[in-house]
Structure formats: C-alpha cells, structure tokens
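Everything on this sheet refers to the single structure shown next.
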Amino acid sequence: MAAASAGWSRGTWRRFASPTLRTLLVAIAALAVATAARASQPQWTQSFDLVPGWNAIYLHVSPNDSEPANIFDGIPVRSVWTRGTETSSVEFIRNPDDALLGQRGWVAYIPANREEALAATLADRELVSIEGNRAFLIYLDGPATTLRITGRPLVPLINWQANAYTLTGFPIDPNAAPTFAAYFAPSAAQRGQPVYHLLPSGVWERIAAPNAATMRYGEAYWVYSASGSDYLGPIRVDVPTSDGVSFGRGVSQHLLALVNLSAAPLAISIQDLASPTALPLSYRTLVTSGPNAGTVQWPALSGALSLPTTAGGAQSARLAVRRSALAQPEVGSVLAIRGAGMRWLLPLSVKSDVAAAAVSGSGGSSAFAGLWVGAAEVRKVSQPQIGSLTPVSTQGQGNVCTGGANEGLSCTGPTDCPGVCTLTCAGGSKAGTACTVATQATDCPGSSCTAPPRACAGGINLGLPCSAASDCPGSSCGDTAVCAGGARAGQSCSPATAAQDCPGSTCNSGSRCLGGVNDNRSCARAADCAFRCDQSGGGSTFSMRLLIHVDGSGTTRLLKQVIQMWQNGTTRPDRDDPQLQVDATPGRYVLLTDDGLIPTFRGAALRDGIPVGRRLSTAHFDFPGNELAMTGDFGGTGALTAAIVLTPDFPTNPYRHKFHPDHDNLDPQGRPTPEAFQIQRAIRLTFSGTDPSGLSDPDYGFDTVGGTYAEELQGLHRSPIQVEGIFRLQRISTTPELNR
C-alpha cells in the first residue's frame with residue numbers, strides 16, 4: 001500500500017481524500033504560512049516555573065496561539081483564572097480556593113477532563129483566549145513543570161485602581177531584580193503600600209520585608225495604590241507607538257525619550273537582542289571635541305548603548321534603520337531597555353519594500369525606482385530690484401556687499417563695495433567706445449571722454465536731466481539713452497532711430513556702470529558706481545514640497561499630484577481541483593496621476609470604513625497636467641533639470657486676473673490679447689554624496705537623497721530672479737510605474 005501510494009499524483013489524492021482531511025491539511029498549510037510570517041516578526045518566549053498548587057503569573061507577550069487548550073497542552077493544570085472585566089474597585093482575593101468561584105468578573109479555563117466538577121459554576125464565564133499584559137492564577141495539579149509561551153512582546157501597561165488593590169506584574173530585569181521598596185520608591189501612590197504574593201497553598205501572603213525581598217519577572221502581585229497612577233517603574237520610556245518601535249514604510253528614524261525617576265544617577269542601556277546583521281540599527285551621536293566637533297555621526301548599534309542619567313534627569317536616543325543592509329523585506333527583533341532593575345522588552349520591526357527594489361535594480365530596473373517625497377528649502381534669493389543677480393541669504397547675515405569684487409563680504413558703507421565705471425566717448429565718430437580722460441583727444445576725435453546728463457527713468461520728470469534720486473519723484477535717476485548734442489541734447493533716444501531722434505548729433509548711452517545697484521547707469525567716475533552695502537535682514541528659509549517619480553528605466557518626472565490606490569490580485573482555478581481558487585497574481589499598490597483611472601482601482605486606505613485613495617500634492621510646482629518630464633540622472637552625483645512655463649492665460653499665472661479688465665487677457669472689445677506676462681522657471685537639482693541638511697542620515701544615498709536646489713525665474717521682474725537652497729527626498733513607495 002505504501003509503495004502504491006508513493007506513486008499517487010496530486011489529482012489522484014484529491015479524488016480519494018475526504019473533504020475533512022483536505023480541510024485539515026489546508027489548515028496545516030495555512031499554519032505553516034503563518035509560522036513563516038511570524039519568523040519576520042518580533043518574538044519572545046516567556047518561561048514560567050510552575051509549582052504544584054497555586055501560581056500567580058503575569059504574561060508580557062501576546063501569544064502567537066491564544067487558544068488555552070493549545071497553550072496548556074501537556075501541562076497538568078486543574079484550572080486557569082483571570083479577571084474578565086475591569087471594575088472601579090477590585091476586591092482583594094485572599095484565597096482563590098475559597099473565593100474565585102463566587103467572585104464577579106473572574107473567568108476560567110477548565111481542561112476537558114475537569115469540566116464535570118466545575119461546569120455548573122462556570123456558566124458563561126469561560127476563558128476562551130489567553131491575552132498579554134494580564135495576570136493569571138494557575139492551579140497545577142501535578143509535578144513542577146515549566147510553561148513556555150511565545151509571542152510578540154508588549155509595551156508595559158498597568159490599569160491602576162485608585163484606593164484599591166490591583167493584580168498586576170512588572171517589567172523586571174531577571175539579572176538585576178530590585179527590591180520592592182526600591183522599585184516603588186519614586187511613586188507616591190505605591191510607596192510603602194501593601195504588596196501580596198501567592199503561596200502554593202492558595203494563600204496571599206504580604207511581603208513582610210520590602211527592603212530585602214526582591215521582585216520576580218513574570219510573577220503577579222496584589223499591589224495597593226493610594227491614588228490614581230500611571231507608574232510602571234523607576235524608568236519611564238516614551239515609546240514612539242503603542243506597538244513599540246516600528247519602522248514602517250517611509251519611516252527611517254524613531255526617538256526614544258528616557259526619564260530616570262529615581263533619586264540616584266544611573267545608566268540606562270539600549271540593546272537590540274537580534275544579530276546586528278539581521279536588523280542593522282544605528283544611533284545618532286554628536287562629536288563634542290576635536291576637529292570634527294559638532295558633526296553628527298551614526299554608529300552601528302552592535303551592542304548595548306549606555307546612556308548616563310542624573311537623578312530625575314532625562315536622556316534621549318534617536319535610532320535609525322539602515323535599509324540598504326537588509327536582506328529581507330520584513331525583519332523583527334526585540335529591543336531591551338535596562339536600568340534600575342527594570343527591563344522593557346519592546347517589539348522592534350522593519351518593513352522595507354525599498355530593499356526589494358534595490359535587489360531588482362541589479363536585474364535592469366532602476367535602483368531608485370519609486371515615488372520620492374521631500375522638499376526644497378530656499379535659503380538664498382537674488383535682489384533684482386537693486387541690480388543684484390547673485391542670491392543673498394534669506395536668513396540674514398548683517399551688512400554685505402550685493403555685487404562687485406567684494407560681493408558677499410561684510411561692509412560698513414558703500415566705499416567698502418567698489419564698482420567699475422567704463423567711460424565712453426560722448427559723441428563723434430567713436431561715440432560709445434571706451435576712452436580715458438587723459439587720452440580723450442586720441443580716443444574721441446570730435447568729441448570728449450565725458451558722460452552725458454543722466455535722466456529720470458520714469459515718473460513725472462521722465463527723461464529730464466537729474467543728478468540724484470530726489471530729482472525724480474516716483475522714479476529713479478536712471479540710464480536712458482540720450483542725445484549727445486544738438487537741439488535735443490540730453491533727451492531720450494534710440495540708437496536704431498538716431499537720425500530722427502537726435503538731429504545734428506548721435507544717440508549715445510554714454511559711460512555706464514557695470515553691475516550693482518547702478519548697473520548700466522550714467523557715470524563719470526568709479527565712485528558713481530558703488531555697489532550697495534545692504535542689510536540683508538533677519539528673514540528665514542521656506543520650503544516647497546517636491547514629488548518626484550522614477551520609473552524602472554530611470555526616467556524621472558516631477559509630479560503635481562499623485563494618488564495611491566490598490567489593485568486587487570487575481571485568482572484562477574487550481575489545475576488539479578477546478579473548484580479550488582488559487583492566487584494567479586498578487587494584489588499591489590498603484591500610483592495614479594490620471595484621475596480618470598481612479599474608478600478602476602480600490603482605495604489604499606480606509607476613511608469611515610470606506611476605501612479611499614491616499615493623495616499627495618504640492619502647491620509650489622504648477623504646470624499643465626500632473627506630470628512633467630525631467631532631464632538628467634537621478635541620485636548619486638547626477639543632476640536633474642525641469643522647465644516650467646506659465647503662459648499669460650495659465651490659471652495660476654500671478655499676473656492673470658479673470659475678473660479684472662486690465663489682467664483678463666481680453667481687449668476692450670473682448671478679443672483675446674496677452675495682458676499678463678509669461679513666467680518661466682528653470683529648475684535644477686544637483687545631487688550630493690553627503691546629506692545637505694547636515695543630519696548625516698545613516699542610510700543616505702539609498703532611500704534618502706539630497707543636494708543643492710537652484711531656480712531661475714523670468715517674467716516677475718525685468719531681470720531674472722535667482723534662487724538657491726537645498727533639497728531632500730525620501731522614497732515612500734517602490735512602485736516603478738504610473739497609471740498601471
């Protein structure tokens with residue numbers, strides 16, 4: 001029979017196996033999948049040394065299998081009890097043998113072979129699930145044994161009852177167990193209050209010498225609290241989430257805040273209990289001395305990190321995961337925090353689609369494929385209103401020269417910021433050519449090396465001679481080209497129409513300043529062309545959100561908005577059993593820039609129980625459509641460029657006003673005519689091998705990139721506006737394509 005069965009095909013087995021057997025084997029297969037999935041989750045095994053008679057234990061993990069019959073399989077228990085409901089005041093149970101059955105709120109698990117004796121008293125109060133962060137009373141009806149429960153460690157939690165006893169356990173370090181007095185010393189609510197532990201006989205005995213008796217990990221006690229309290233122990237740990245330390249997709253750093261509540265200084269240690277190669281963590285530290293003082297570093301957390309604290313003092317630890325070193329997309333571990341006799345066991349987990357993307361990058365797909373979200377931080381802007389095209393810090397640096405040879409240097413007055421005056425012939429055959437006063441006879445035949453009169457650039461004195469801004473109310477003493485002589489000497493003209501504009505003379509721009517606040521204005525000496533000594537002010541930076549997508553081939557697009565949706569997987573009939581559906585393609589996230597495709601997919605998140613998409617957008621980069629192709633290479637030390645053009649009729653053109661007759665791009669007769677200026681933005685992102693923000697991210701260059709940001713805007717002023725700053729991007733999705 002064995003030999004024959006060895007040759008059965010899957011189809012033969014399906015025809016002869018009973019439905020019940022098939023169901024059982026499917027359940028076993030599902031259990032195997034669940035077990036494999038848990039291998040990547042934080043796991044901890046808590047052990048309890050049970051003695052014959054009564055035992056009071058406290059469970060600090062959430063069991064993988066919460067079924068009582070499975071947990072206590074092979075353990076000779078007579079009954080297991082726990083509180084089923086929380087009341088405002090829990091009555092202290094002195095002897096579980098005498099009082100448990102009659103107490104309201106207690107539930108029990110009775111093994112199948114014990115049901116006859118207690119079934120009538122249990123009624124509907126059956127314990128059907130073993131949950132963590134809960135105390136249990138166990139009666140062992142047999143020899144001493146060890147109970148082991150494996151599951152996910154839980155963040156400590158105690159629901160203290162004011163002016164009453166609470167049955168609870170504590171996060172004790174088994175290797176440095178404190179005394180009861182030392183443990184409760186920092187808490188006024190529990191300090192000096194009665195504490196009881198359970199004897200095997202079933203009697204709760206008061207701890208007679210709390211200064212000498214040590215606490216035990218995993219044991220439950222009745223503890224009296226004189227008032228309401230949230231006390232957990234001498235160390236308070238502010239955990240990032242109620243689920244511990246979880247590095248979900250898009251999360252690379254977490255901050256742990258640690259407070260020493262005791263009256264003595266102590267060292268608090270942090271340690272990842274997994275292998276450093278399994279879950280590569282780093283911690284942030286600041287160099288305090290030497291040539292690198294002030295530099296941020298991220299050493300690997302390869303052992304126990306010790307943080308000294310003063311009495312009542314606080315410490316913090318910033319942890320980061322290096323996803324570039326992960327071998328698996330999901331990894332779990334346990335983070336241990338020790339000190340003052342406590343040991344917090346926190347679940348530590350990492351999810352990393354990015355690691356999978358990097359692996360696929362070796363097969364032809366871009367290692368940077370996915371959706372990147374971040375910001376450009378503008379730090380410098382030029383000042384075209386004073387003739388400067390060089391960006392100046394928006395954060396304020398005191399008085400600095402805005403142009404010339406000393407541009408950017410500190411100054412106290414205009415003389416600290418010299419300019420250049422190029423003298424030209426005022427007329428004659430060489431009008432407008434360079435000359436010097438000393439050689440003007442040779443340089444300027446029939447003319448002189450002098451400057452024509454300056455003229456007002458606008459206002460009520462437009463075109464009239466001037467020597468200072470005060471001569472030109474509403475305008476400035478500017479740089480209009482003027483006739484060099486004749487009847488219209490000093491009046492405005494154009495070189496193209498010089499014969500008509502300047503009868504008997506020439507249209508000469510004269511000597512002009514090169515750059516600075518007086519750029520291209522008339523001058524007779526260098527002092528007339530001093531650059532401004534400008535107070536750049538206090539100011540601050542400002543951020544512009546960036547959305548960039550890189551596809552599998554490396555093509556990069558600047559996005560205006562993107563919506564994350566969900567594509568359901570598909571199934572197909574099994575080839576051996578057509579009635580059984582198996583996965584054909586798995587479900588996946590999709591990224592949409594085409595709103596018309598939204599009905600095709602399901603939402604990626606729930607809002608009021610309804611699936612909805614996750615929408616990301618930016619208000620700082622507007623262009624037709626939702627995508628704009630960029631040129632260049634993403635990541636590394638490459639550079640990307642993009643050109644945005646806002647035409648006069650574009651909805652967000654700042655000069656366009658739909659309801660204002662002077663800015664609606666319509667003439668008085670309602671015919672289309674450009675009235676707004678066209679705006680052009682030339683954007684350049686230059687990637688850097690080091691983090692431009694100075695944070696020195698431990699995984700920089702992998703799922704975090706950055707560099708310098710530069711932009712030139714034309715159309716807002718007669719001179720281009722130059723913008724400079726930095727940018728930083730983080731990959732939040734590895735979906736390599738859009739709208740599919």
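The values are calculated or read from the model by the stated rules, or taken from the named source; none is laboratory data. Small disclaimer: the values here were computed from a predicted structure and weren't measured. Ligands, DNA and RNA are stripped out before the accessible areas are found, and what is left, the full protein with its side chains, is counted by its heavy atoms. Shrake-Rupley method; radii C 1.70, N 1.55, O 1.52, S 1.80 Å.
Couple of notes before you dig in:
- Here segment 201-290 is treated as an ellipsoid with the same Cα gyration tensor; its semi-axes, largest first and in whole Å, are 35, 19, 15.
- When a 1.4 Å probe is rolled over the protein heavy atoms, the share of accessible surface on segment 643-712 that falls to carbon and sulfur comes to 57 percent.
- Solvent-accessible surface (1.4 Å probe) assigned to residue 203 amounts to roughly 70 Å².
- Rounded accessible area of residue 351 (nearest 10 Å², 1.4 Å probe): 90
- Sequence-ordered 3J(HN,Hα) estimates for segment 595-601 from the Karplus curve with 6.51, -1.76 and 1.60 and θ = phi - 60° stand at 4, x, 8, 4, x, 6, 10 Hz, glycine and proline given as x.
- The H on the amide N of residue 394, modeled in the peptide plane, is under 5 Å from the matching H of 380, 381, each at least 5 residues off or on a different chain.
- Amide H contacts under 5 Å for residue 207, placed H, 5+ residues apart: 195, 196, 197
- Rounded to whole numbers, the Karplus 3J(HN,Hα) couplings from phi for segment 702-710 are 9, 10, 9, 9, x, x, 9, 10, 9 Hz, using 6.51 cos²θ - 1.76 cosθ + 1.60 with θ = phi - 60°, and x at Gly and Pro.
- At a probe radius of 1.4 angstrom, the accessible area of segment 226-337 per residue rounds to 45 square angstrom.
- In the full protein context, segment 560-676 carries 63 Å² of accessible surface per residue, based on a 1.4 Å probe and ignoring ligands, DNA and RNA.
- Dimensions of segment 205-256 from C-alpha coordinates, computed as largest minus smallest value along each principal axis and given longest first, are 52, 24, 17 Å.
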